[in-house]
Amino acid sequence: MKIFIDPGHGGTNPGAIGIDGLKEAEINLDVSLRLGEILAGRGYDIEYSHTGDETLSLAERANRANAWGADYFISIHCNSNSDPSIGGTETFYYKAGTTAERFAETVNNALVAEINLRDIGIFARNLAVLRLTRMPAVLTELAFLTNPAEAALLETAEFRQSCAVGLADGITEFTS
């Protein structure tokens, strides 16, 4: 089973900047590498859109997954909001009634169960990495960089590892 992991943002696009200058791209990459290590240990074939601080277009990310022939695609992100009281976890997929929707639900549920943040839910969104991939694809927003409590968690290796475990558990549950 081939899982393609896309650490959101990177290079010239750091993504959201949270409390104390916390950079989304750095967290996304760390959690993605941890996720890949866990899944590889469970016998999955893993490929990444990038493993360093690299600038890639959204189309390049999807094209790499398509060219590799991935069975599933996951893009890792952190959220932000102008209201610092907003927090939680949510996951996106492209079209309702598809395998991707069921994949998003399973991954989101496992992630929320592991990290114990508010479950915002799963939603259909017309996002390039979800639309341009040929395999079931999801984009997860782990937590909010702009929420003080969640930003403090995102700064820790323990929480990032818990995010990776939750995502891996959801992927494993769905693909087993």
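Taking the residues in the stretch 49-89 that are assigned to a strand (DSSP E or B) and of a type outside the set (S, T, N, Q) as candidates, determine which candidate is farthest from L154 (Cα to Cα). Walk me through it before giving the result.
Taking the stretch 49-89 and keeping what is assigned to a strand (DSSP E or B), we get 72-79, 89.
Add one more test, that the residue is of a type outside the set (S, T, N, Q), and what stays is 72-74, 76-78.
Working: Y72: 25, F73: 23, I74: 19, I76: 13, H77: 11, C78: 9 Å.
Among those residues, the one meeting the criterion is Y72.
Counting only residues that are hydrophobic (A, V, I, L, M, F, W, C) and out of contact with any helix residue (DSSP H, G or I) (no Cβ under 8 Å at 6 or more places or on another chain), which one in the stretch 2-55 is farthest from T140 (Cα to Cα)?
A40
Which members of the stretch 99-158 meet the condition of being closer than 23 Å to I17 by Cβ, in contact with a Ser or Thr (Cβ under 9 Å, 6 or more places away or on another chain) and among the charged types (D, E, K, R)?
R118, E141
Go through (1) surrounded by 17 or more Cβ atoms within 10 Å (Cβ to Cβ); (2) without any contact (Cβ under 8 Å) to a residue 12 or more places away in the chain; (3) not β-branched (V, I, T) for E60 and report which single condition fails.
Every condition holds for E60 apart from (1).
Looking only at the stretch 31-48, which residues are open to solvent by less than 60 Å² (accessible area, probe 1.4 Å) and either farther than 20 Å from Q161 by Cα or part of a strand (DSSP E or B) (or both)?
Once the filter is applied, which keeps residues that are open to solvent by less than 60 Å² (accessible area, probe 1.4 Å) and either farther than 20 Å from Q161 by Cα or part of a strand (DSSP E or B) (or both), the stretch 31-48 yields I46, Y48.
Please verify whether A25 is closer than 27 Å to T156 by Cβ, in contact with a strand residue (DSSP E or B) (Cβ under 6 Å, 6 or more places away or on another chain) and loosely packed, with under 15 Cβ neighbours inside 10 Å, treating the condition exactly as stated.
So A25 fails the test.
Just checking, which of F159, F92, F174 is among the aromatic types (F, W, Y), modelled with pLDDT of 95 or more and more than 26 Å from N63 (Cβ to Cβ)?
Numbers: F92 fails: more than 26 Å from N63 (Cβ to Cβ); F174 fails: more than 26 Å from N63 (Cβ to Cβ).
Going through F159, F92, F174 in turn, the sole match is F159.
Please state which of the following conditions A67 fails to meet, knowing it meets all the rest: (1) open to solvent by less than 40 Å² (accessible area, probe 1.4 Å); (2) of a type in the set (G, A, S); (3) modelled with pLDDT of 95 or more.
Unmet condition: (1).
The values are calculated or read from the model by the stated rules, or taken from the named source; none is laboratory data. Keep in mind that this is a model prediction, so the values were computed, not measured. For neighbour counting, all protein chains shown are included, and Cβ atoms are generated from backbone atoms with ideal geometry for every residue, glycine included. Accessible surface is based on the protein model in full, side chains and every heavy atom, while ligands, DNA and RNA are left aside. Shrake-Rupley method; radii C 1.70, N 1.55, O 1.52, S 1.80 Å.
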